Each structure stands twice: as C-alpha cells, then as structure tokens.
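The values are calculated or read from the model by the stated rules, or taken from the named source; none is laboratory data. This structure is a prediction, so every number in the text was calculated from the model and none was measured. Every residue, glycine as well, gets a Cβ built from its backbone with ideal geometry; the counts of neighbours run over all protein chains shown.
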Amino acid sequence: MTLEELRLLRIIQGILVRNYVNTQKLDLQVIGSSLYMEGEFEVFEYRISARKKDPVERDLETIHTLLHVEKQIRSLAEISHTEFKLRNWHRSGAQWTRQHSL
C-alpha cells in the first residue's frame, strides 16, 4: 500500500466514522484510485432518544446514511471507482435494499 492509498483510506474511514458507521464490520481497501468495501453496513444508534423501534424506519435511516456516505466518497477527486459488496444491503439501480439472510 502506497502512502497515497493509505491517506485515501484514512479519509474514507473518517467519512464513515463521522456518519456513525460501524467500521469494525467493514473491510476497506484502496487500490490505486479504486475503493473496495466489503462486509456489513451498520449504523450505530448513538442517542437513546433517537433509537427507532420500527425496523422500516431503521432501514430508511440506514439507506439515507448509505447514500450520503456513497455520495461523499464519490465526491473525492482521487477516487474514480467504488465497489460495494455488502452482505446485508444490495444495490439495484440507484436504490439500496436490505438483503435478508436465508
């Protein structure tokens, strides 16, 4: 890993942390100008008062966070390609949907 790739990795990790994403469940790799993200995308419920009881509301909040994180990463000039292989979310077109395990 080059210093530039390490710098980009730290920037992307910072984006995830600022959006309360559990980075322990994600494997991030920056190779050249490409980002590869694998694992489970999970957002911390950081405020007890803001916790969503309804799973639909939690999913909508997670989708919003996922789209926001993706937009921030794609806005980095140094990143030209992103690949998300998430076990619990699936991209179809421009939409993210929860992928239920069997």
Filter segment 41-58 down to the residues that are surrounded by 13 or more Cβ atoms within 10 Å (Cβ to Cβ), at pLDDT 85 or above and not aliphatic (A, V, I, L, M) and list them by number. Phe41, Glu42, Arg58
For His90, state whether it is surrounded by 13 or more Cβ atoms within 10 Å (Cβ to Cβ) and either polar (S, T, N, Q) or over 10 Å from the mean Cα position of the chain (by Cα) (or both). yes
Considering only strands (runs of 3 or more DSSP E) fully contained in the chain, which possess at least 1 residues that are in contact (Cβ under 8 Å) with a residue 40 or more places away in the chain, touching a His at 6+ places or on another chain (Cβ under 7 Å) and among the charged types (D, E, K, R)? none
